[in-house]
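Comments concern the structure below.
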Amino acid sequence: DGVGSPNGNRHPRRQCRRLLGEPMHDDDPQGGLAWPGAARAIARNATLLRAIGLVAFVCLSVVFSTAGIYLRSWQLQFKIQELKDYLLISNQPDNACAGDLSGEWVYGAIENFMGCEARQREDFTRSDKELYDQCVSTHQYERNKHCLRGTEVHLFVYNITNPQDVVEGLTPRIQEIGRASDGGPLIFYKDCKTFDTEFGMTETQFNEYCYYTYKYPDSEEADLGQQIVTVNVGLMEAIGNSMENIDYIVPVVWGTLALQQLNATTTMAEDYIRGQLLSFAWPNNFGAHFLSEFSTASDRAGFRARDNALALYEMVLDTQQEYCLVNGTQYDRNQCTSMANTLAIFATRYYESFQTYNIDPFGLRFKDGAGLFVRAQIGDLVGYYAGYDDPLSAYMFPKKVSWNAVRSKTQVEVNAEVSAGHADSQNGEMNAGPLGRSSVVSNTIENLGAYTKYQGRTYITEFDWQGCRPKGSTGQVVVPPDGPYPPQCNGGNPQRVYGSRGYQVKPRIWSLQEGVDVADSIDIFSETLMRPLKYSAVEDFELVADNNDMVTVRSFELLDAGLREARFAFNCDDIYKVMAEAGVLNRGSDCDVHQGMYDLSAAHNNIPYIWSLPHFYQVTSDDPTQHPRDNLLGFVTPTGPRYQNMVVVEPESGRVLQSMFKDQISVRLYQDERNYFFKKHKAVIIPLYWKFETKNATAAERQLLG
């Protein structure tokens with residue numbers, strides 16, 4: 001049994017079996033090994049094989065990971081380039097415009113040519129109506145998903161229901177007017193088309209004209225033919241351009257006409273002139289001189305009568321002048337003042353002769369404030385029609401009068417305005433119209449969609465013209481249109497043109513790039529205010545794209561902080577007001593209006609227009625009794641989204657998917673104790689109209705961005 005054998009072998013039976021070639025038992029631990037140490041060799045080889053397998057696995061993992069990274073990088077680069085092609089407009093040709101037919105990129109479905117630069121350039125020049133018609137022609141079965149009409153302008157006007165009380169100094173009662181059938185907003189389509197367009201390396205320059213179409217043609221006559229009573233902005237323009245804003249334009253027009261219409265005689269004129277008791281020594285025939293100088297009768301002054309009367313009133317208001325010439329005869333200041341007062345008396349007599357009849361063309365009686373107010377149809381007031389006649393302002397500004405809220409223009413008209421504005425700008429004359437082409441960023445990520453020039457302006461100087469572009473002693477302008485400006489310009493901070501055009505903000509192409517999804521605010525340029533406005537981030541939410549598709553967006557609202565930041569308010573203390581009136585320094589144009597309001601008179605030929613949000617939303621006053629809503633009857637306190645300015649932006653593309661830009665235009669009545677005619681009314685702010693422009697992305701666009 002091998003136990004205790006001298007050679008130390010414990011299993012001699014197994015050795016015998018090996019020698020005899022017999023098979024080993026199943027429990028033999030060394031069965032099948034033909035040589036000693038084979039197990040160790042196999043173990044070493046297995047370790048090597050495992051190492052080789054591990055190395056092979058690592059190598060394959062690296063290869064496949066690298067391939068995956070390159071594939072993902074290629075896909076990411078492709079998507080980034082696709083998004084950039086969708087957003088940017090290059091001035092270079094590309095290969096994304098190929099179609100089945102020659103020139104198909106011009107008229108084909110937009111989703112087939114989103115990366116085609118030529119198509120993007122073509123669409124940039126098209127109006128909303130042209131884009132809509134193009135979309136309808138290529139989408140016969142899914143028009144509601146792919147096609148929208150474009151920008152809509154919703155408009156309400158205000159009616160003064162108690163003009164007779166307002167003339168006597170009482171509080172105006174205001175009524176909001178909309179469509180005749182249901183009181184809803186008057187809605188117009190706004191179609192703007194660019195021309196003289198030039199696509200540069202990073203920016204696009206263009207001129208633009210807009211035309212408006214009423215949305216409800218079947219009820220246009222009933223809606224726009226409604227007549228309301230409102231402020232005669234023609235008279236406000238004439239007063240704003242008169243010396244010291246005095247209403248002598250009324251006796252200039254009505255007084256000279258009254259001398260003819262009332263058949264004034266020499267004796268009658270002399271009695272009124274002497275009755276002023278300002279002078280007791282008069283030359284011979286001074287009554288005849290008066291009629292010959294100021295009567296519109298053909299055998300008197302004729303067409304020269306108004307010019308003569310205007311010179312008389314401006315001489316009386318100029319304290320430095322001591323004499324005037326009437327029909328070639330020199331009169332002293334007191335005598336000249338007596339003649340001016342007599343013209344006002346004749347104007348009043350003529351005016352009051354319409355006791356029970358409406359005064360044409362104002363549509364009101366004298367006691368209703370005809371001339372200060374006007375009754376006109378809405379279509380003329382908003383500028384959709386030609387406008388209304390105003391004989392008072394027509395002497396100084398021969399034109400139809402309207403608010404130009406939805407005034408259509410042609411390319412020829414805009415070209416003429418640009419030429420005139422450019423000439424005025426070069427000569428140092430203030431012109432708030434277009435001076436040249438606008439420019440927006442179109443082919444670079446930074447500030448994409450933002451203005452760099454607005455109608456030829458790099459800086460907005462219209463609201464501080466004297467401070468920014470003063471003239472030298474020779475009367476020649478000494479400051480170039482684009483500066484550099486004097487240190488006092490806009491309080492030392494010239495207002496540069498910047499901010500989104502309203503359709504596009506800075507996108508977030510890469511994940512590490514900061515976009516509007518983390519921005520506290522964005523800047524949008526207001527064409528009405530001619531300045532950028534800061535919109536603050538409000539909330540993030542999901543917007544329905546189509547069926548179950550959603551797109552993540554961020555909304556921005558114009559809040560009090562943005563309204564404060566946009567004010568031109570410098571040197572506003574009372575001590576500076578006297579200095580500004582004396583010409584010692586310049587003062588901010590918004591100093592004399594409440595917070596949340598802006599004075600637009602400088603940009604509207606001295607018509608005292610005031611901008612605010614609808615119903616004076618976000619307007620505050622240091623003295624609550626002076627708040628504009630407290631000086632009107634019939635105005636409700638505004639709350640809710642109906643009065644808010646908002647935009648909704650998709651962060652990655654920076655596209656504005658929804659926009660609501662709202663403006664209320666009011667007018668502050670000129671009032672002065674020295675007025676000749678309208679003396680009793682308050683210097684109250686009366687709203688004229690409010691509107692909001694809205695434009696939404698199509699369901700297909702939301703679905704694509706989602």
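The values are calculated or read from the model by the stated rules, or taken from the named source; none is laboratory data. Remember, predicted model here, so these are calculated numbers, not experimental data. All Cβ positions, glycine included, derive from the backbone under ideal geometry; neighbour counts span all protein chains shown. Each accessible area value is taken on the protein alone, full model and side chains, heavy atoms only, with ligands, DNA and RNA left out. Shrake-Rupley method; radii C 1.70, N 1.55, O 1.52, S 1.80 Å.
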Sort through SER181, SER242, SER219 and tell me the only one that's open to solvent by less than 30 Å² (accessible area, probe 1.4 Å) and farther than 25 Å from HIS604 by Cα.
SER219
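This table checks each residue for (1) open to solvent by 10 Å² or more (accessible area, probe 1.4 Å); (2) closer than 30 Å to GLU82 by Cβ; (3) among the hydroxyl-bearing types (Ser, Thr, Tyr); (4) at pLDDT 90 or above.
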residue: GLY640; (1), (2), (3), (4): yes, no, no, no
residue: VAL649; (1), (2), (3), (4): no, yes, no, yes
residue: GLY654; (1), (2), (3), (4): no, yes, no, yes
residue: GLN658; (1), (2), (3), (4): yes, yes, no, yes
residue: ARG668; (1), (2), (3), (4): yes, no, no, yes
residue: GLU673; (1), (2), (3), (4): yes, no, no, yes
One residue from SER65, SER73 being in a helix (DSSP H, G or I), at pLDDT 80 or above and among the small types (Gly, Ala, Ser)
SER65
Only residues that are open to solvent by 20 Å² or more (accessible area, probe 1.4 Å) and assigned to a loop (DSSP other than H, G, I, E, B): list them for region 446-455, please.
GLU446, ASN447, GLN455
Restricting to region 280-332, give me the number of residues that are open to solvent by less than 20 Å² (accessible area, probe 1.4 Å) and either of a type in the set (Lys, Arg) or in a loop (DSSP other than H, G, I, E, B) (or both).
4
Unique match (being part of a loop (DSSP other than H, G, I, E, B), at pLDDT 80 or above and among the hydroxyl-bearing types (Ser, Thr, Tyr)) among SER102, SER5:
SER102
Since LYS129 meets every condition but one in (1) open to solvent by 60 Å² or more (accessible area, probe 1.4 Å); (2) more than 16 Å from LEU633 (Cβ to Cβ); (3) in contact with a helix residue (DSSP H, G or I) (Cβ under 7 Å, 6 or more places away or on another chain), which condition does it not meet?
(3)
Which of (1) open to solvent by 40 Å² or more (accessible area, probe 1.4 Å); (2) part of a helix (DSSP H, G or I); (3) among the small types (Gly, Ala, Ser) is the odd one out, the single condition ALA580 does not satisfy?
(1)
Could you tell me whether region 431-444 includes any residue that is open to solvent by 30 Å² or more (accessible area, probe 1.4 Å), touching a Gly at 6+ places or on another chain (Cβ under 7 Å) and of a type in the set (S, T, N, Q)?
yes
Identify, please: which residue in region 456-473 is modelled with pLDDT of 90 or more and of a type in the set (Gly, Ala, Ser) and is, among those, surrounded by the most Cβ atoms within 10 Å (Cβ to Cβ)?
GLY467
Which residues, taken from region 474-491, are at positive phi and either loosely packed, with under 12 Cβ neighbours inside 10 Å or part of a loop (DSSP other than H, G, I, E, B) (or both)?
GLY475, GLY483
Any chance ASN427 is open to solvent by 20 Å² or more (accessible area, probe 1.4 Å) and modelled with pLDDT under 95
yes
I'd like the full set of residues that are open to solvent by 40 Å² or more (accessible area, probe 1.4 Å) and touching a helix residue (DSSP H, G or I) at 6+ places or on another chain (Cβ under 8 Å), limited to region 492-510.
PRO494, TRP510
Among the residues of region 112-129, is any hydroxyl-bearing (Ser, Thr, Tyr), touching an Asp or Glu at 6+ places or on another chain (Cβ under 9 Å) and in a strand (DSSP E or B)?
no
Are any of the residues in region 336-355 surrounded by fewer than 17 Cβ atoms within 10 Å (Cβ to Cβ), over 17 Å from VAL231 (Cβ atoms) and among the β-branched types (Val, Ile, Thr)?
no
Out of (1) open to solvent by 70 Å² or more (accessible area, probe 1.4 Å); (2) modelled with pLDDT of 95 or more; (3) closer than 30 Å to LEU186 by Cβ, the one SER419 does not meet is (3)
Would you please list the contacts, defined by Cβ atoms under 6 Å and residues six or more apart or on different chains, that run from a residue in region 536-549 that is part of a strand (DSSP E or B) to a residue that is among the aromatic types (Phe, Trp, Tyr)?
ALA537/PHE556
Residues located in region 517-535, provided they are open to solvent by 20 Å² or more (accessible area, probe 1.4 Å) and outside any loop (DSSP other than H, G, I, E, B):
SER521, ASP523, LYS534
Looking only at region 159-191, filter to residues that are of a type in the set (S, T, N, Q) and in contact with a Leu (Cβ under 8 Å, 6 or more places away or on another chain); which one of those is nearest to ARG668 (Cα to Cα)?
THR171
How do the pairs read when you match residues in region 98-114 that are without any contact (Cβ under 8 Å) to a residue 24 or more places away in the chain with residues anywhere that are of a type in the set (Asp, Glu) and buried (at least 16 other Cβ atoms within 10 Å of the Cβ), using Cβ under 7 Å and keeping only pairs 6 or more apart or on different chains?
VAL106/GLU122
Got a sec? Which of ASP247, ASP196 is outside any strand (DSSP E or B), in contact (Cβ under 8 Å) with a residue 60 or more places away in the chain and of a type in the set (Asp, Glu)?
ASP247
Checked against (1) closer than 23 Å to HIS627 by Cα; (2) open to solvent by 10 Å² or more (accessible area, probe 1.4 Å), PHE678 satisfies every condition except (1)
Could we say that GLY275 is open to solvent by less than 10 Å² (accessible area, probe 1.4 Å) and of a type outside the set (Asp, Glu) here?
no
